[in-house]
Amino acid sequence: QVPLVESGGGLVQAGGSLRLSCAASGRTFSSYAVGWFRQAPGKEREFVVAVMMNSGLTNYADSVRGRFTISRDNAKNTVYLQMNSLKPEDTAVYYCATRRQGPLNAGSSYDYWGQGTQVTVSS
């Protein structure tokens, strides 16, 4: 149970960009998939995107496809989420999480979760 640490959140105007990072110490991500989820106030946690660390296979939610890009750096044991063309509806707490098996877009597949980082997009 090595903690995951998200960083890079903040306040940005609509149309702007942010890059989030998800890092873990100790064990590497190599044998996992890493996913990003988000949760806005009063809403259910929502799948954003995931990547298989070994193969690079990705799965994007329709709501972010073409705007967000996930990338990985196995040497740094870090996953990034580049968010472009941000919209107010992207405002949420963003979480990274790891899984070993199960559907990539299902929160129930993920075993370990970070604390989250706040992303706020103003109009």
Dimensionless Rg over Rh [the stretch 2-123; C-alpha; Kirkwood]: 0.94
Percent accessible area from carbon and sulfur atoms, the chain, protein chains only, probe 1.4 Å: 47 percent
Residue-normalised accessible area of the chain, given per residue in Å² at a 1.4 Å probe: 51 Å²
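The values are calculated or read from the model by the stated rules, or taken from the named source; none is laboratory data. Please read these numbers as outputs of a predicted model, since none were measured by experiment. Just so you know, the surface numbers come from the protein's heavy atoms only, side chains and all, with ligands and any DNA or RNA stripped out. Shrake-Rupley method; radii C 1.70, N 1.55, O 1.52, S 1.80 Å.
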